[in-house]
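Take a look at the structure below.
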Amino acid sequence: MLINIGLKKYSFKVLANHYVLIGLSTLGAYLIFKFSPYLADQIYGELIFPSFRLILDTIHFTFPVPVFLCLIPLVFGVFIYYSISILSTGVKPKGVRLLNWMKFILYFSIIISSSFYWLWGFNYLRTSSIDKLELRTQPIEQDRVFEMLEQQTFTLNLLRKKLSQIEALNPEDNFLGIKPDYCLLSSGLQDFLRDHGFASFGKFRLRYWRPEGILLRNSTAGMYFPFTGEPTIDPGLHPLQKPFTASHEMAHAAGFTDEGFCNLVAWLVCIHSEDNFIRYAGQLALWRYTARAASQLNRERYVAFIDKYLSDEIRSDLLSIQENRDRFPDFFPGLQRRVYDTYLRAHGVSEGIASYNNLLMLVESYSARFE
């Protein structure tokens, strides 16, 4: 059976040799990087990944629409077209056609998985960014958690009061009409990379998924699409959640894989922004993590503190965020968490999805070391 590619024709045997070579090359690189993070840092982190990012960044800023919105239907179209072509060919027996289709699925899977690792996935095998900055994720005592909550609440109240005086931000409507300046987030991330000795890239262009709510209905606020190198978020997010989520996904675009570390980077990018709204949104994101931890440690103490010290404006913002989230109920409750937890553990993140919650410990460690 022949498959047309451009003006040339390749037999399955020739194609198979190409795919096997690609698969073996990827597997070989995986094993080398797995047993030598140093080589992963030097070869992939310093040479291969930055080269891909340069190419992808150039495409992003010359392409008028999100590249992933073009790639996804193209890949599905190719898969369906060749599946139909293979299975509907009447010349060969049904068993042979089915075998050829299974071979096609194998080759297709090799291309997809190899593309993932070369474009981004090998970052999982590099030296941990947490280790590079000599940060620690040690448990925090209850009293210290509440001390952090007190400090953050004081800061948050001040930031919210300042925003309340800027009528253009529409604070009375919980900022629902605000469109964050993502260019500031991209610039802030580049500053972070340079300041801490990480490879610096060009601008990170944020993209939206469509239709609105497609990610939120799958318990996802945003995602990094590794095949096109695009950080993406759901446009249905509350404006107060967009800066932190966007910065988190941009951190993935910079090659960071640990979810807790990406949260730390997102917080740092937001709070060091020159934009008051972005600073407030970033601090609010950290406060919510801290509040959740405090509530789990001592519910009564937490409620008493919130009732006494949290401003009415912030309470209104939190309620607005929850009401906005309720607009997009999950299609499959709990499924995304289980799938993504399995994915993270398979790629060496021992804590799985719980790594998101390391933010408090990383903030504590980062503050002690750098501030």
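Screening Ser295 on (1) touching a residue at least 40 places away in the same chain (Cβ under 8 Å); (2) in a helix (DSSP H, G or I); (3) of a type in the set (S, T, N, Q); (4) in contact with a helix residue (DSSP H, G or I) (Cβ under 8 Å, 6 or more places away or on another chain) shows it passes everything except condition (1). Test Pro50 against the stated conditions and say whether it is loosely packed, with under 12 Cβ neighbours inside 10 Å and within 25 Å of Arg207 (Cα to Cα). Answer is no for this residue.
Each row is one residue, and each column tells you yes or no for (1) exposed (fewer than 14 other Cβ atoms within 10 Å of the Cβ); (2) in the same structural domain as His248 (by TED's automatic domain parsing); (3) not in a helix (DSSP H, G or I).
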residue	(1), (2), (3)
Leu156	no, yes, no
Ile178	no, yes, yes
Cys183	yes, yes, no
Ser186	no, yes, no
Phe192	no, yes, no
Thr220	no, yes, yes
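Would you call Ala304 within 30 Å of Ala251 (Cβ to Cβ), out of contact with any Leu (no Cβ under 7 Å at 6 or more places or on another chain) and among the aliphatic types (A, V, I, L, M)?
Values: within 30 Å of Ala251 (Cβ to Cβ): no; out of contact with any Leu (no Cβ under 7 Å at 6 or more places or on another chain): yes; among the aliphatic types (A, V, I, L, M): yes.
It is false that Ala304 is within 30 Å of Ala251 (Cβ to Cβ), out of contact with any Leu (no Cβ under 7 Å at 6 or more places or on another chain) and among the aliphatic types (A, V, I, L, M).
Looking only at residues of region 152-188 that are closer than 29 Å to Glu230 by Cα and in contact with a Lys or Arg (Cβ under 9 Å, 6 or more places away or on another chain), we find that the one that is modelled with the lowest pLDDT is Ile178.
Collect the residues in region 253-290 that are without any contact (Cβ under 8 Å) to a residue 40 or more places away in the chain and crowded, with 22+ Cβ neighbours inside 10 Å, keeping them in residue-number order. Lay out the reasoning, then the answer.
Kept after step one, since they are without any contact (Cβ under 8 Å) to a residue 40 or more places away in the chain, are these residues of region 253-290: 262, 266, 271, 282, 288.
Within region 253-290, Cys262, Ala266, Gly282 meet the criteria.
For region 121-134, the criterion of a residue being in contact (Cβ under 8 Å) with a residue 60 or more places away in the chain, within 19 Å of Leu264 (Cα to Cα) and hydrophobic (A, V, I, L, M, F, W, C) is satisfied by at least one position. I want to confirm something. Restricting to region 314-336 and keeping residues that are assigned to a helix (DSSP H, G or I) and touching a helix residue (DSSP H, G or I) at 6+ places or on another chain (Cβ under 6 Å), which single residue is modelled with the highest pLDDT? Per the criteria, the residue is Ile314.
Listed by first and then second residue, the pairs with beta-carbon distance under 8 Å, at least 6 apart or on different chains, first residue in region 177-192 and basic (Lys, Arg), second at pLDDT below 95 and loosely packed, with under 15 Cβ neighbours inside 10 Å, form an empty list. Note on region 222-256: residues that are assigned to a loop (DSSP other than H, G, I, E, B) and in contact with a Lys or Arg (Cβ under 8 Å, 6 or more places away or on another chain) amount to 6. When restricted to residues that are of a type outside the set (D, E, K, R) and assigned to a strand (DSSP E or B), region 194-208 contains 1. Among the conditions (1) in a loop (DSSP other than H, G, I, E, B); (2) in contact with a helix residue (DSSP H, G or I) (Cβ under 9 Å, 6 or more places away or on another chain); (3) without any contact (Cβ under 8 Å) to a residue 40 or more places away in the chain, the only one that Pro211 does not satisfy is (2).
Candidates in region 291-317 are the residues that are of a type in the set (A, V, I, L, M) and crowded, with 18+ Cβ neighbours inside 10 Å; of these, the one that is nearest to Leu159 (Cα to Cα) is Ile314. I'm trying to understand the selection: among the residues of region 44-71, which are closer than 29 Å to Leu125 by Cβ, in a helix (DSSP H, G or I) and in contact with a strand residue (DSSP E or B) (Cβ under 9 Å, 6 or more places away or on another chain)? Of everything in region 44-71, those that are closer than 29 Å to Leu125 by Cβ, in a helix (DSSP H, G or I) and in contact with a strand residue (DSSP E or B) (Cβ under 9 Å, 6 or more places away or on another chain) turn out to be Leu56, His60, Val67, Phe68, Leu71. Thr220 meets all of the listed conditions (1) closer than 26 Å to Ile321 by Cα; (2) out of contact with any Pro (no Cβ under 9 Å at 6 or more places or on another chain); (3) at pLDDT 95 or above but one, namely (3). Within region 73-82, is there a residue that is part of a helix (DSSP H, G or I), modelled with pLDDT of 90 or more and under 22 Å from Phe201 (Cβ atoms)? No, region 73-82 contains no residue that is part of a helix (DSSP H, G or I), modelled with pLDDT of 90 or more and under 22 Å from Phe201 (Cβ atoms).
The values are calculated or read from the model by the stated rules, or taken from the named source; none is laboratory data. Fair warning: this is a prediction, and the values are worked out from it, not measured in the lab. When we count neighbours, we look across all protein chains shown, and the Cβ atoms used for this are built from the backbone with ideal geometry, even at glycine.
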